[in-house]
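Below: the structure, in structure tokens.
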Amino acid sequence: MTIKHLLSHTSGLTYGFMNEHPVDALYRRNKITGAGPGTLNDMISELARVPLKFAPGTAWNYGVSTDVCGYLVEQFSGLALDEFVAERITGPLGMSDTGFHVDDAAAERLAACYEYVAPATYRLQDDPETSHYRQRPAFFSGGGGMVGTIDDYHTFAKMLLGKGSLDDTHILGRKTVEHMTTNQMPDNVDLAAMGQPVFSETSYDGIGFGLGFSVVLDPAAANVLDSPGEFAWGGAASTYFWVDPQEELIVVFMTQLLPSSTYPVRRELKTLVYQALV
């Protein structure tokens, strides 16, 4: 397994909540969740005892690969993941409202998160008054668990549209970003050719995957208005962002509703945005 396999989700790692494969059951049994309990080191120790779902590079499967990348960042840098992110990314970009927890001064701006139960029925999933985001966590997830604002995330996306640079701040090299946003699937195939579709924050037909992002290969096959080369990803609470270098377009959509499959808001949002272009 290589870093490329981890960043492109072709590593053979998975999530326990898939309920689709015997390896998923082992994740549940060993409490490998990508969100604790314990620490990131604890998760890696348990993960090392569980077999891969498939040989690296032979299929695509969304899983804890990015959490393993977070662990590697800690090992290479000698810093906790939250410290590394603050020192190397959010700090230089001026993303002062982004991190792994919310301090007391910003607590009144923390939004509630809701979970869909049934039509027109929702439950409060995360109460800002008692949220675990109010304290610095013991487990730093590379694949999730950060909080921020739409303005901060727009700043981050502008850096990506600028191929690693924003104004005079340089986070990544231009060729690095170009490589990250290029489809990494073998023979340039889409995700539909890389195995049976299971949980994902993107569709499979006409969509490839780079190093951390989905990448549009064929808008017609994807059956949605967009541009080849557009890169994107979404979050569990129905959040979504995409960057379209061809149109020099950034869209950041923030909401707080679990699961992300509740409503087709991403596809509808994309259609509305692209229909408005003249």
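Give me 233, 242 sorted ascending by neighbouring Cβ count inside 10 Å, so fewest comes first.
Values: 233 15, 242 25.
Starting with the residue having the fewest Cβ neighbours, the order is 233, 242.
Give the relative contact order (percent, whole number) for the chain; include only Cα pairs under 8 Å separated by 6+ residues.
Details: 489 pairs, mean separation 42.6, N = 278.
After rounding, I find 15 percent.
Helical content of the chain, expressed as a calculated mean residue ellipticity at 222 nm, amounts to -7000 deg cm²/dmol (DSSP H runs of 4 or more residues, -39,500 (n - 2.57) each, divided by residue number, nearest 500).
Comparing 221, 118, 25 in a Gaussian network model of the chain (Cα springs below 10 Å), the most mobile by mean-square fluctuation is 118.
Let's test the formula: R0 of 45 Å, r as the Cβ-Cβ distance of residue 223 and residue 50. What FRET efficiency results, to the nearest 0.05? Can you show the working numbers first?
Details: r = 36 Å, r/R0 = 0.80.
For residue 223 and residue 50, the calculated efficiency is 0.80.
Taking one quarter of the surface of the C-alpha convex hull of region 149-275 gives a mean projected area of 8.0 nm².
Here the scattering of the chain is modelled by Debye summation over its C-alpha atoms, one equal scatterer each and no solvent; at q = 0.13 Å⁻¹ the log10 of I(q)/I(0) is -0.96.
In whole angstrom, region 3-77 maps to an equivalent ellipsoid with semi-axes of 18, 16, 9, each derived as √(5λ) from the alpha carbon gyration tensor and ordered largest first.
Projecting label points 7 angstrom from Cα along Cα→Cβ for residue 189 and residue 31 puts them 3.9 nm apart.
For residue 209, the residues whose amide H sits under 5 Å from its own are 184, 185, 215, ignoring neighbours fewer than 5 places away on the same chain, with H placed 1.01 Å from N. Legend: residue pairs 53/175; 4/175; 175/270, Cα-Cα distance threshold 22 Å; pairs beyond threshold, 53/175; 175/270.
A short reminder: the numbers here are calculations on the coordinates, not readings from a lab. In this text the structure is predicted, and so the values were computed from the model without any measurement. Cβ coordinates were reconstructed from backbone atoms using ideal geometry, including for glycine residues, and neighbour counts include every protein chain displayed.
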